[in-house]
Amino acid sequence: MKLKKFVIIIFTVFLLTLQCVMANIKPYNSSDIALDAIGMYQVPNYITVYKEPNEKSKVLYRANWSQKFFNCSLGDMEDIFTVYIANKNLALVQVVDYTDDWVKIIYDKSEHKTGWLKAEDIRFMTWRNFMNTYARRYGLYLFKDIPVENRILYSGITDNAQQLQSITGKPLKITLTAIKGNMILVTAIENNVGKTGFLKWRTDEGKIYVFPAIR
């Protein structure tokens with residue numbers, strides 16, 4: 001009887017751990033990305049956010065993500081993280097400004113609260129670097145609210161470039177070949193047909209309509 005209870009406990013812990021591993025965070029709408037965001041920063045497990053880029057400045061936010069994950073609770077992780085992939089321990093936040101040693105991040109997306117984080121190594125990536133790093137590896141997906149006109153594939157990046165075809169549904173896969181300003185050269189597999197052309201991934205105002213399919 002004791003052995004049976006022990007097996008049940010182990011199985012329950014396994015299921016809870018599995019749920020934690022599957023509890024990922026990703027953006028699905030253009031509104032999930034702030035217009036003033038200039039890129040992404042990979043945060044470590046423990047972070048302290050300051051009002052100014054100075055460790056003697058007022059502390060605005062502090063968290064230990066490894067502990068939250070162990071307790072199987074996302075909590076306010078959904079407010080700060082734009083991307084969180086549990087099985088990779090990958091956590092990415094949006095950056096609105098930076099210096100040589102600090103990054104100004106959005107630590108509360110719903111209220112657009114920002115603060116400074118002491119930078120480590122080369123964790124900060126501009127949007128271009130971020131796309132080149134993750135979209136080339138994992139491919140892309142379209143945000144749910146992407147306008148019809150932003151689904152059009154063009155023959156080039158100029159204003160008079162020929163319209164080729166559109167991505168009409170939910171492609172099985174979108175691969176990135178090149179980035180040219182606000183245009184990206186992609187190949188989308190839709191209904192077993194490959195569609196290749198330049199897609200406008202970002203507006204002149206900074207609104208983003210595609211994102212790396214990190215997994």
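Using θ = phi - 60° and the Karplus form 6.51 cos²θ - 1.76 cosθ + 1.60, what ³J(HN,Hα) does each residue of segment 133-146 get, whole Hz, x for Gly and Pro?
Couplings: 6, 9, 6, 5, 7, 10, x, 10, 9, 8, 5, 4, 9, 5 Hz.
Once the dipole of segment 78-158 is set up with Lys and Arg at +1 and Asp and Glu at -1 on Cβ about the Cα centre, which of Ala135, Thr99, Ser110 lies farthest towards its positive end?
The one lying farthest along the dipole's positive direction is Ala135.
Per the 1.4 Å probe, what fraction of the accessible area of segment 115-200, in percent, lies on carbon and sulfur atoms? Could the numbers behind the result be given before it?
Details: 2390 of 4880 Å².
Answer for segment 115-200: carbon and sulfur cover 49 percent of the accessible area.
Amide H neighbours of Val83 under 5 Å, at least 5 residues apart or on other chains, H built in the peptide plane: list them.
So Val83 has HN proximity to Leu92.
Per residue, how much accessible surface does segment 79-189 expose to a 1.4 Å probe? Answer in Å², no decimals.
Numbers: 5770 Å² over 111 residues.
Result: 52 Å² per residue.
Please list the non-local residues whose amide H lies under 5 Å from the amide H of Asp145, H modeled 1.01 Å from N, same-chain partners needing a gap of 5 or more.
Ser30
Could you work out how far the C-alpha centroid of segment 49-66 sits from that of segment 132-148, in angstrom?
So the two Cα centres are separated by 32 Å.
Say each of Lys118 and Ser57 gets a label point 7 Å from the Cα, pointing the same way as Cα to Cβ; how far apart are those two points in nm?
1.4 nm
Whole-Hz Karplus ³J(HN,Hα) for segment 97-113, in order, using 6.51 cos²θ - 1.76 cosθ + 1.60 and θ = phi - 60°, x for Gly and Pro?
6, 7, 10, 5, 10, 9, 10, 9, 10, 8, 9, 9, 5, 5, 10, 6, 8
The values are calculated or read from the model by the stated rules, or taken from the named source; none is laboratory data. These figures come from a predicted structure and were not determined experimentally. As a convention, Cβ positions derive from the backbone with ideal geometry for all residues, glycine included, and neighbour counts pool all protein chains shown. Just so you know, the surface numbers come from the protein's heavy atoms only, side chains and all, with ligands and any DNA or RNA stripped out. Shrake-Rupley method; radii C 1.70, N 1.55, O 1.52, S 1.80 Å.
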